[in-house]
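The block underneath contains the structure these notes are about, expressed in structure tokens.
The values are calculated or read from the model by the stated rules, or taken from the named source; none is laboratory data. Since the model is a prediction, treat every value here as computed from it, not as a measurement. Cβ sites come from the backbone with ideal geometry, for glycine too, and all protein chains shown count toward neighbours. Heads up: the accessible areas ignore ligands, DNA and RNA and are worked out on the full protein's heavy atoms, side chains in. Shrake-Rupley method; radii C 1.70, N 1.55, O 1.52, S 1.80 Å.
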Amino acid sequence: MLILRSLKGIFLLVRFVPVLSWSLSAILLSLGFAIHDLHGVSSVDWLLFFILVACCILLQGLIAHSFHEITGWRSGTYIHSSGIPSGENIGTKQGMVSKERLFYVGSLGIVAIFLLGWYLNRVTSSYIWLFIIVGVWAAMSYTCSPMRFAFYPLLGEWLAAFPAMVASSLGAYCVLTGGYSVTVFCAGILHGLLCTSWLMQHHITDLSADLQESPPKNTTVAYVYKRFGLEQVRYVPAVYFLITAFVALLMVYCISSVFTVSILTALLGFHAAWNTNPRDVASVTFNQIKMIALTVLHTVFLFGMESMGFG
């Protein structure tokens, strides 16, 4: 029973909703382009694909979340956090995985990811190490000392979250095809921007807990709150979605018309952010769920368009 309880705690630690909408969506995005460029599903090495899926779960699900949990409990985030979409892990809170074992779970994840990297290096290219290092960097630097980018305005999203998503997309395509693609790079940028945008929405719910940490987690949302007030924090994700729409518009003119759907997705995300009531947890949560759904649907649409050759 104790082993099953621990396994359930680790399963909850992974938090498949953010993993699905971030890392796994990035892999799926690259798979669509790979199917198109390799001229068919039968040309895809599915063993490599599932290894990439395992890498995503390890990097974001175990490594990042384990060390994020450690920081959250030490600094007091999860003591004060009461928001529905809070970053806290129910499994840890209910004692399924002890706080002391989180370090070992995260460390074993790092060992596993480098073993998988060693294998991918042997069967594909040594460039895979670049993408793995970026992934580990993003997982560790977001909340771990000495970087702790999440504790500073703008740094958490631009030096950790965003580059991780771009690296996931381009790295997966590189593993599956043995080459690189400007279009995939652009798709990874747009996916990263969408993920970063709804991350700002997530920070609205954790705002009170973030500011009660020791030291306070001064996210971009927290900075805007302290400078301009609670009513203005909804403009942070709204602005990020507008930036995404603008970048997508440039890519439509310069790269491919397939990114027209990215413009529409970003504008719908902007609408959800603009209509958020920051004082109402239910409103923030509902609109965050819409943003997550839009991000996943954006990936599914691009996957379908590219895999069928319509991109």
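When mean projected area of the Cα convex hull in nm² is calculated for this entry, the matching label among [x] 17.4; [y] 18.2; [z] 15.4 is [z]. Taking only protein heavy atoms and a 1.4 Å probe, the accessible area of the chain is 71% carbon and sulfur. The shape of region 110-219 comes out oblate: with a ≥ b ≥ c from the C-alpha gyration tensor, a/c is at least 1.5 while a/b does not beat b/c. Would you work out which of V296, V281, V184 lies farthest towards the positive end of the dipole of region 178-307, given +1 charges on the beta-carbon of Lys and Arg and -1 on that of Asp and Glu, about the Cα centre? Working it through, the farthest residue towards the positive pole turns out to be V281. Solvent-accessible area per residue in the chain equals 44 Å², computed with a 1.4 angstrom probe and all protein chains kept. Length gained on full extension, F185 to R279, computed as 0.36 nm times the residue gap minus the Cα-Cα distance: 30.1 nm.
Once the chain from H39 to F11 is taken as fully extended at 0.36 nm per residue, the excess over their C-alpha distance is 6.5 nm. When the helices of the chain are scored as -39500 (n - 2.57) per DSSP H run of n ≥ 4 and the total is divided over every residue, the value at 222 nm lands at -22000 deg cm²/dmol. Ordering of 135-145, 226-236 by packing is 135-145, 226-236, highest average first (other Cβ atoms within 10 Å, averaged per residue).
Picking from I51, I27, I132, which is most flexible by a Gaussian network model of the chain using Cα springs under 10 Å? Most flexible of the set in this elastic network: I51. Under the convention that each Lys and Arg Cβ holds +1 and each Asp and Glu Cβ holds -1, the size of the dipole of the chain around its Cα centre is about 580 debye.
So if we plug the beta-carbon distance of F301 and W158 into 1/(1 + (r/R0)^6) with R0 = 35 Å, what FRET efficiency do we get, rounded to 0.05? Efficiency for this residue pair is about 0.85.
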